[in-house]
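The values are calculated or read from the model by the stated rules, or taken from the named source; none is laboratory data. Just so we're clear, the structure is a prediction, and the values are computed from it rather than from any experiment. Cβ placement follows ideal geometry from the backbone for every residue including glycine, while neighbour counts extend to all protein chains displayed.
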Amino acid sequence: MGRVPANVAGDLVRVALMEARPAGLTTRQLVTATELSQYQVQSGLRFVREVLAAENLTPLTWTRRDGYQLSTEPADWIAYERACVRTELTRIARLLSSTVIPHAQRLPDDEWVQLVLGQLTGVKSALGLLVRGA
Amino acid sequence: MTTIEGADWTTYERGCVREEMLRITRLLDTVLIPHLKGHPDDEWAQLVLGQLTSVKTALELLARGE
């Protein structure tokens, strides 16, 4: 296919994902199902995530095992949300340990970095609470 | 020398914080809010929404440099 607008790619991707239900589809399988290029599939996925998911109240989820999915099961959404929160926790913890903590130790009088340290430590606790499934 | 180093560090950290803020915002807008619109009584989603909203606010303040 030649040039395809994002909303058209998005609709093709959405239909393919709905037909695959309750299974998911990998990017490669979406390329086969929609006859779009890999790039167009990515743009379609973005459209599904940002526009259609909100309209249809069905979040687009992704797992390594099942690929992309438009599940109607809230349990799948919760699993995806928990995985996303866990990824964020890892990213914040890494930012703290690799950059912010060394910076704060080197420049103890730098008010800005002390503020960042305090705030990110709080963010890390909040995310940790969610990951542990409170 | 120390000042320049500190300024570079701050710029880098502010960029990282901003990226995390955008990631949290996207998670809220594209997953949590559709989830809660469909299932407003889901306690887990309400808890995540509340926590991530305050995380987003904290990161926004830092990214703006306040």
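Report, by residue number, each residue of region A:15-47 that is surrounded by 13 or more Cβ atoms within 10 Å (Cβ to Cβ), among the hydroxyl-bearing types (Ser, Thr, Tyr) and under 20 Å from the mean Cα position of the chain (by Cα).
Once the filter is applied, which keeps residues that are surrounded by 13 or more Cβ atoms within 10 Å (Cβ to Cβ), among the hydroxyl-bearing types (Ser, Thr, Tyr) and under 20 Å from the mean Cα position of the chain (by Cα), region A:15-47 yields A:26, A:27, A:43.
Within the group A:64, A:106, which residue is at the interface with chain B (Cβ under 9 Å from one of its Cβ atoms) and basic (Lys, Arg)?
Numbers: A:64 fails: at the interface with chain B (Cβ under 9 Å from one of its Cβ atoms).
Criteria check complete, one pass: A:106.
Yes or no: region A:73-80 includes at least one residue that is surrounded by fewer than 16 Cβ atoms within 10 Å (Cβ to Cβ), closer than 28 Å to residue A:128 by Cβ and among the small types (Gly, Ala, Ser).
yes
Which of the following residues is in contact with a helix residue (DSSP H, G or I) (Cβ under 6 Å, 6 or more places away or on another chain) and either more than 20 Å from residue A:130 (Cα to Cα) or among the hydrophobic types (A, V, I, L, M, F, W, C) (or both): A:30, A:17?
Going through A:30, A:17 in turn, the sole match is A:30.
Among the numbered conditions (1) surrounded by fewer than 16 Cβ atoms within 10 Å (Cβ to Cβ); (2) modelled with pLDDT of 95 or more; (3) not in a helix (DSSP H, G or I), tell me where residue A:128 comes up short.
Just one mismatch for residue A:128, condition (3).
Would you tally the residues in region B:19-53 being within 9 Å of the chain's Cα centre (by Cα) and facing chain A (nearest Cβ under 7 Å)?
Number satisfying all stated conditions: 3.
Here is a list: A:79, A:75. Which entry is closer than 15 Å to residue B:27 by Cα and free of Cβ contacts under 8 Å to residues at least 24 places away in the same chain?
A:79
Look at region A:109-125 and say how many of its residues are over 29 Å from the mean Cα position of the chain (by Cα) and either facing chain B (nearest Cβ under 8 Å) or within 16 Å of residue B:20 (Cα to Cα) (or both).
2
Residue under question is residue A:99, and the condition is that it be facing another protein chain (nearest Cβ under 10 Å) and either more than 30 Å from residue B:7 (Cα to Cα) or of a type outside the set (A, V, I, L, M) (or both); does it hold? Let's see the steps before the verdict.
Numbers: facing another protein chain (nearest Cβ under 10 Å): yes; either more than 30 Å from residue B:7 (Cα to Cα) or of a type outside the set (A, V, I, L, M) (or both): yes.
Yes.
Only one residue in A:58, A:87 is within 18 Å of the chain's Cα centre (by Cα) and surrounded by fewer than 17 Cβ atoms within 10 Å (Cβ to Cβ), so which one is that?
On the way: A:58 fails: surrounded by fewer than 17 Cβ atoms within 10 Å (Cβ to Cβ).
Selected residue: A:87, the only one of A:58, A:87 that is within 18 Å of the chain's Cα centre (by Cα) and surrounded by fewer than 17 Cβ atoms within 10 Å (Cβ to Cβ).
How many residues does region B:12-29 contain that are crowded, with 20+ Cβ neighbours inside 10 Å and of a type outside the set (A, V, I, L, M)?
Final tally of qualifying residues: 3.
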